Amino acid sequence: MIWAEAEGCRVVDTDGREYLDLSAGFGVAALGHRNPKILAAWRAQRVVHALGDLAEAEIAVELRRRLPRPAKLGVTGEDAVEIALRTALLATGKPGILAFEGAYHGTGLLALAATSIDAFRLPFRTWLPGPVYRRRFGEDPGPLPARCGCVIVEPVQARGGAQVPSPDFLRVLRRRCTARGALLIVDAIYAGLGRTGELWPGAEFADVLVVGKALGHGLPISAALFYRDELERVWELGDEDVYTHTHVGNPLACTAALVVLDEVPKLLDRVDAAGERFEREGWHGKGLLRAREGDAGEALRRGVIVIPAGPGGKLISATPPLTITDADLDEAFSLL
């Protein structure tokens, strides 16, 4: 399928067929495709590229001021995970990572080591860093291994099938990390920025919280937020940043991020209401991160875009724009 047009919750392919999009481009288009405020902000931006960590645009400086904690910016969500995992190594000196069954953290080698999905991980297993200790999601992992420098966890597993842990799960992990002197990394790339009804889910327990996807609303930007005081200082390793990219702090992406931070808080009640509608239709999950049994190919044939999820791709995942209307939901549920 090739997209030719996209606006709001609608996508048109190159054959002219219209679809109702319950994916929002893997959750990226939180405010809907071609959101007019995002487009206006892009058009108004006078700098479209700077020099990453050597010379930031003014808009990148403004974004740093608006984020709730000191942050190291990345380009992709996997990038932010990489930053967080490297932060744990720099801060603790321990290479071990505790991650969970069903986890998805990205496909770069370090993030891939923490990822649980065999189809992504196994072809590259001889190159993967470690050690990685795997535990069941939602359960107390017990005392952390001696070489464990961090625990990385999604507050709601997304590609794992919209799995929601018990309310005490992150609190238990916080206690285990404190006892071992390890960092707790909360991967809110998919679940954050309003998707599950909160801007920064897990922030009260995290040492590092990572966000991405919806932050740039179609342009690549991510951030690792340092919730432990002074943790960002572990990156003070010389005159030049030892982990950077040409496109870090891209001004157009930063411009979109400021719109997202302005608009998403106004939509949190809507997320809860729309999420309740999914719940009544038999979709499990939280907010507008939802899944149920189904066939993504069959949904597409019926005119609805969803994403395969869960073990073996036997679930379908819905992560629609947070702006989705009741009329859109009525149509989607009817078609499915």
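State which residue is nearest to residue 248 (Cα to Cα) when the search covers only the stretch 175-234 and only residues that are within 17 Å of the chain's Cα centre (by Cα) and among the basic types (Lys, Arg).
Among those residues, the one meeting the criterion is 213.
Got a sec? Which of 221, 189 is touching a Cys at 6+ places or on another chain (Cβ under 7 Å) and either in contact (Cβ under 8 Å) with a residue 40 or more places away in the chain or of a type in the set (Lys, Arg) (or both)?
Exactly one of 221, 189 is touching a Cys at 6+ places or on another chain (Cβ under 7 Å) and either in contact (Cβ under 8 Å) with a residue 40 or more places away in the chain or of a type in the set (Lys, Arg) (or both), namely 221.
Considering every residue within the stretch 60-67, establish whether at least one is buried (at least 21 other Cβ atoms within 10 Å of the Cβ) and under 18 Å from residue 241 (Cα atoms).
yes
Kindly indicate whether residue 86 is surrounded by fewer than 21 Cβ atoms within 10 Å (Cβ to Cβ) and modelled with pLDDT of 95 or more.
It is true that residue 86 is surrounded by fewer than 21 Cβ atoms within 10 Å (Cβ to Cβ) and modelled with pLDDT of 95 or more.
The values are calculated or read from the model by the stated rules, or taken from the named source; none is laboratory data. From a predicted model like this one, the values you see are computed outputs, not experimental measurements. Here the Cβ is made from the backbone with ideal geometry for all residues, glycine too, and neighbour counts use every protein chain on show.
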